[in-house]
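Engineer: First the structure, which I've put down as structure tokens, then a few questions once you've had a look.
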Amino acid sequence: MNFSAYLKNDAYIDGKWTAAASDKSFAVFNPADGSKIASVADCGKADTERAIAAADKAFASWSALTATARAEKLMAWHALMLAHENELANILTAEMGKPLVEAVGEIRYGASYLEWYAEEAKRVYGDVIPHSSGDVRTLVVKQPIGVCAAITPWNFPNAMLMRKVAAALAAGCTMVAKPAEDTPLSALAIAALAEQAGIPPGVLNILPTSKAAEVGQALTSSPIVRKLSFTGSTEVGRLLLEQCAPTIKKTSLELGGNAPFIIFDDADIDAAMEGLIASKFRNAGQTCVCANRIFVHRSVHPEVTQKLIDRVQRMKVGPGDTAENDIGPLINVAAVEKVEKLVAGAMRAGAQVLIGGDRHAAGGLFFQPTVLDNISNDMEIARSEIFGPVATLIPFDSEAEVIALANDTPYGLAAYFYSRDIGRVWRVGEALEYGMVGINQGIISSAAAPFGGVKQSGLGREGSKYGLEDYLEMKYLCLGGIAE
Ligand code: NAP
């Protein structure tokens, strides 16, 4: 596999590639075969403080650039990411496991945030508000927040970081980022290209670590860090929100989901099947917006079930760097054990395995694509994020019933439904308590759209014009002494 010059072992702090202050490192493994890919600097508190100081120092000059000047650098970075998409995808597949074609898709998706925010940075408008006195003018300007911290997960090691970095840097902020322990290499490769694109020292700093809590504590407790953007589980998000409270940091939290995928009796079943396969099985089911509970109207249940089994039967499981494979390994042993436990619990509670249901014959971290029927909304498998290639079918009889079931969860990230009835499309779209709703559409992510959740799925939005607002502060200028 071609890893190229972008496979880095050091941390990236203040524009320099550097070992951890402790001189310690940790190993990164390929989940497809357990082989070691690299040894990476294991950053701790001292490295984090150094990165924060560098980001603080860089903020003055980076934020003083015009939006156009920042945009030029982001576009140079964008071009480099696309020019090196195959090398980046190879690194991503090696450390994360997803099929190469999906990895290339992720690199393009991640890069699209650079293009989007390079353009959007030029449209950070203020406001002029009429004042009750002729002697006074009321002006609103938007300014970058300052030093931002980012903590990102392993399931999209490129795109989850790019969503944050692109918006932050476009707005004029600087950033200190901590990628997941399982997948630090994609983040370091991104920084290598940022360096090549001329992003100045200190503007972006990357801290690989096996000590997430230590680095997280240093980031959240620092009064210099003005904002935390986190993507990961609701559990860790809650903890980080608490840690940010003493310094009253602005926070953006992209947390867990429990997406309902509803197929009504008036749906185009073939279209629903395409959407379901993409939503459920992409990334081996390890996305926060994966269909987690599949509600099927009882009258179309036999047809949906048969078509789903036919599709799942044809899926190929194996290493992501082999072209024909659709489903790669899960990320680690804990992930496989979790999926196994959820399936076993569902079967004990009366679920029926239609296909799959077990570890795959390929061994290691591979799990069979699975379809379970007779699931009910109160089973553990329907209450928690599965994060594996397991489709769970729940029959329903009426629109009101399925809306109540779909909303019966503390999560509110993504939901999907298929219907050709225009009245129902509007009613159900409004009734679902989710930040994003795919209607006759199984893939909803785009740099142009506001990505984010409600309820315990998070705070704030990433992508779109709204995502830029999360890195800006509003300042009101009250200008008096106008009258002669
Ligand atoms: P996680 O355990 O919450 O980890 C996410 C990040 O937080 C990782 O970098 C992790 O580092 C770090 N972390 C863990 N404990 C920490 C602590 N005490 N202090 C500071 N940082 C800490 O989640 P995950 O299992 O990696 O990712 C899966 C979760 O992410 C799912 O719930 C999924 O739904 C969610 N997700 C949400 C979105 C969204 O946009 N809403 C997108 C993708 C994923 P280590 O990995 O090094 O421990």
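The numbers here are math on the coordinates, done by the rules we state, and not lab data. Given the structure is predicted, the values throughout are model-derived calculations rather than measurements. Every residue, glycine among them, receives a Cβ derived from its backbone with ideal geometry; neighbour counts consider all protein chains shown.
Engineer: Based on alpha-carbon positions alone, could you give the equivalent ellipsoid semi-axes of the stretch 210-262 from the gyration tensor, as √(5λ), descending, whole Å?
Structural biologist: Calculated on Cα positions only, the semi-axes equal 24, 13, 8 Å.
Engineer: Right, something else. Find the relative contact order for the chain and round it to a whole percent, using C-alpha pairs within less than 8 Å whose residues are 6+ positions apart.
Structural biologist: Values: 1160 pairs, mean separation 89.0, N = 484.
The normalised contact order for the chain reaches 18 percent.
Engineer: Just grab the label-to-label distance for ASN9 and ALA448, each label 7 Å out from Cα along the Cβ direction, in nm (one decimal).
Structural biologist: Taking the two extended label points, one gets 4.5 nm.
Engineer: Which three extents, in whole angstrom, do the alpha-carbon atoms of the chain cover along their principal axes, largest first?
Structural biologist: 77, 60, 40
Engineer: For SER22 paired with ALA212, estimate the spin-label separation in nm (one decimal), with each label point 7 Å from Cα along the Cα-to-Cβ line.
Structural biologist: 1.6 nm
Engineer: Along the charge dipole of the stretch 259-446, Cβ charges K/R +1 and D/E -1, which of SER419, PHE295, ALA344 sits furthest on the positive end?
Structural biologist: About the Cα centre, the residue reaching furthest to the positive side is ALA344.
Engineer: Any idea which of VAL136, LEU161, MET81 is furthest toward the positive side of the dipole for the stretch 42-179, if Lys and Arg beta-carbons carry +1 and Asp and Glu beta-carbons -1?
Structural biologist: Most positive-ward Cα: VAL136.
Engineer: Taking Cα atoms, how many degrees apart are the long axis of helix 212-221 and the longest axis of the chain, rounded to 10 and kept between 0 and 90?
Structural biologist: Its long axis makes an angle of about 40 degrees.
Engineer: Hey, got a sec? Which trypsin sites (Lys or Arg not before Pro) in the stretch 1-99 land in a DSSP loop and have at most 16 other Cβ atoms within 10 Å?
Structural biologist: Numbers: sites: LYS8, LYS16, LYS24, LYS36, LYS45, ARG50, LYS57, ARG70, LYS73; in loops: LYS8, LYS24.
Answer in residue order: LYS24.
Engineer: Take every DSSP beta bridge whose two residues both sit in the chain, then give the antiparallel share in percent to the nearest 5.
Structural biologist: The antiparallel fraction comes to roughly 40 percent.
Engineer: What list do you get for LYS455, LYS475 if you sort them by fewest beta carbons within 10 Å?
Structural biologist: Least crowded to most crowded, the residues run LYS475, LYS455.
Engineer: What is the Cα coordinate range of the stretch 259-446 on the first, second and third principal axes, sorted by size from largest, in whole angstrom?
Structural biologist: Principal-axis extents of the stretch 259-446 (Cα, largest first): 48, 35, 30 Å.
Engineer: For a quick check: with amide H placed at 1.01 Å from N, whose amide H comes under 5 Å from SER25's, ignoring anything fewer than 5 positions away on the same chain?
Structural biologist: ASP42
Engineer: How large is the Kirkwood hydrodynamic radius of the stretch 1-91, in angstrom, based on all distinct alpha carbon pairs?
Structural biologist: In the stretch 1-91 this quantity evaluates to 15.7 Å.
Engineer: How much mean residue ellipticity at 222 nm does the chain get from its helices, if each DSSP H run of length 4 or more adds -39500 (n - 2.57) and you divide by all residues, to the nearest 500 deg cm²/dmol?
Structural biologist: Rounded to the nearest 500, it is -12000 deg cm²/dmol.
Engineer: What is the magnitude of the charge dipole of the stretch 259-446 about its Cα centre, with +1 placed on the Cβ of each Lys and Arg, -1 on the Cβ of each Asp and Glu, and no other charges, expressed in debye to the nearest 20?
Structural biologist: 400 debye
Engineer: Order the peptides 290-299, 433-442 from the highest to the lowest mean number of other Cβ atoms within 10 Å of their residues.
Structural biologist: Going by the mean number of other Cβ atoms within 10 Å, highest first, we get 290-299, 433-442.
Engineer: Just for the Cα atoms in the stretch 101-184, what are the lengths along the principal axes, largest first, rounded to whole Å?
Structural biologist: The Cα atoms of the stretch 101-184 stretch 61, 23, 15 Å along the principal axes, largest first.
Engineer: Taking 60 Å as R0, compute the FRET efficiency from the Cβ-Cβ separation of GLU324 and SER133 and round it to 0.05. Don't jump to the answer; show the numbers that get you there.
Structural biologist: Values: r = 72 Å, r/R0 = 1.21.
The formula returns an efficiency of 0.25 here.
Engineer: Hey, which of these cross-link pairs are over 19 Å Cα-Cα: LYS178/LYS249; LYS8/LYS45; LYS250/LYS475; LYS57/LYS122?
Structural biologist: Table pairs above 19 Å Cα-Cα are LYS8/LYS45; LYS57/LYS122.
Engineer: Right, next: Kirkwood Rh, Cα Rg: Rg to Rh for the stretch 5-154?
Structural biologist: Numbers: Rg = 20.5 Å, Rh = 18.8 Å.
We get a ratio of 1.09 for the stretch 5-154.
Engineer: Sticking with this structure for a sec: What are the ³J(HN,Hα) couplings of the stretch 167-172, residue after residue, when phi is run through the Karplus curve with 6.51, -1.76, 1.60 and θ = phi - 60°? Round to Hz, x for glycine and proline.
Structural biologist: In residue order, the calculated couplings are 5, 4, 5, 4, 6, x Hz.
Engineer: I've got another one for you. What is the fewest-to-most order of MET160, MET81, MET347 by other Cβ atoms lying within 10 Å of their Cβ? Please report the intermediate quantities before stating the final value.
Structural biologist: Numbers: MET160 29, MET81 24, MET347 15.
Arranged by neighbour count, lowest to highest, MET160, MET81, MET347 become MET347, MET81, MET160.
Engineer: For the stretch 259-446, what relative contact order do you get, as a whole percent, if you take Cα pairs closer than 8 Å and at least 6 residues apart?
Structural biologist: 29 percent
Engineer: Still on this model: For ALA38, list long-range residues whose amide hydrogen, built 1.01 Å from N in the peptide plane, is under 5 Å from its own amide hydrogen.
Structural biologist: VAL28
Engineer: Ok, one more. Work out the FRET efficiency for ALA404 and ARG108 from their Cβ-Cβ distance, taking R0 = 45 Å, and round it to the nearest 0.05. Provide the component values of the computation, followed by the final result.
Structural biologist: Numbers: r = 39 Å, r/R0 = 0.86.
Step by step, r from the Cβ atoms, then E = 0.70.
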